[in-house]
1. Select from region 146-162 the residues that are in contact with a strand residue (DSSP E or B) (Cβ under 6 Å, 6 or more places away or on another chain) and loosely packed, with under 15 Cβ neighbours inside 10 Å and list them in ascending order.
2. Suppose we filter region 1-14 for residues that are open to solvent by 40 Å² or more (accessible area, probe 1.4 Å) and either aromatic (Phe, Trp, Tyr) or in a strand (DSSP E or B) (or both); how many remain?
3. Is it true that Leu55 is surrounded by fewer than 13 Cβ atoms within 10 Å (Cβ to Cβ) and in contact with a strand residue (DSSP E or B) (Cβ under 8 Å, 6 or more places away or on another chain)?
4. Can you find a residue that is at pLDDT 95 or above and in a loop (DSSP other than H, G, I, E, B) anywhere in region 158-170?
5. Quick one: Gly83 ticks every box in (1) of a type in the set (Gly, Ala, Ser); (2) open to solvent by 40 Å² or more (accessible area, probe 1.4 Å); (3) touching a strand residue (DSSP E or B) at 6+ places or on another chain (Cβ under 9 Å) bar one, so which box is it?
6. Looking at region 15-41, which of its residues are in contact (Cβ under 8 Å) with a residue 60 or more places away in the chain and either closer than 11 Å to Leu55 by Cα or surrounded by fewer than 16 Cβ atoms within 10 Å (Cβ to Cβ) (or both)?
7. For Leu16, state whether it is more than 21 Å from Lys106 (Cα to Cα), at pLDDT below 95 and not hydroxyl-bearing (Ser, Thr, Tyr).
8. When you look at Gly45, is it under 27 Å from Asn167 (Cα atoms) and among the small types (Gly, Ala, Ser), yes or no?
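The values are calculated or read from the model by the stated rules, or taken from the named source; none is laboratory data. All values derive from a computational prediction rather than experimental measurement. Ideal geometry is used to build each Cβ from the backbone, glycine not excepted, and the neighbour counts take in all protein chains shown. The area values use the complete protein model at the heavy-atom level, side chains included, leaving out ligands, DNA and RNA. Shrake-Rupley method; radii C 1.70, N 1.55, O 1.52, S 1.80 Å.
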Amino acid sequence: MCLILFQLQKHPKYKLILAANRDEAYNRPTKHALFWEDNPEVLAGRDLLQMGTWLGITSSGRIAALTNYRNPGHMKSGKKARGHIVSDYLAGNENSGVYLKQLSKKKHDFVGYNVIVGDSDHLMYYNNIEDTITSIKPGTHSLSNHFLNTPWPKVEAGKSRLQYYLNQTDAVAVLR
C-alpha cells in the first residue's frame, strides 16, 4: 500500500514536511529521485515504463504526489498512465485549482487515483472517484489507497508516528 504522510503549516520552522513510500509493483522498473534530463526543473523518481512519476517537486517549489485508489472493480485496461498526472503538473505552470479542474474533466481517462498538488503554502487534493477538489487545511494528514485521511490502521499509525517525531525536540535531526 502506498502511503503519504505530511504536515502542512503547523511546524514552527518548516511549512511542509512530507514522508512517502511507493510499494505497489516491485517488478515495475523505476529510477530513483533525481533531476530529470528532459526537464531539469523536476526532482522526482521515474516510472521507466510510462515515464511519469508518483511524487516530485520542482526547483520553483511545485509539489505533486499520487496514490492509486484500490478497487479491483475499477481496474480496466486502455486507460492512461496515472504518473503523467504528477509529471504534467510539475512540468506545467497552472495553479493547483485550475490544474485540478482541468483534470476533473478527464476523470474517466484514468483508473482510480488520488492526487495532491500545490506548494508548501497551499496544497489541494483530488480523486477521480469522489470527483471533488479540496483545499487541504493546515495539520497532519495521510493518504493511502482510499481517500484523504481515511482512518485505516496503517494510515493512522503513520500519522501518529509522524506527529510523535515532529513533537520531539530532535525532530529535525530525525527527518534529515
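1. Within region 146-162, no residue meets the criteria.
2. Residues flagged as open to solvent by 40 Å² or more (accessible area, probe 1.4 Å) and either aromatic (Phe, Trp, Tyr) or in a strand (DSSP E or B) (or both) within region 1-14 amount to 1.
3. no
4. no
5. All conditions are met except number (2).
6. Matches in region 15-41: Lys15, Ala19.
7. No.
8. No; evaluated as a whole, the condition is false for this residue.
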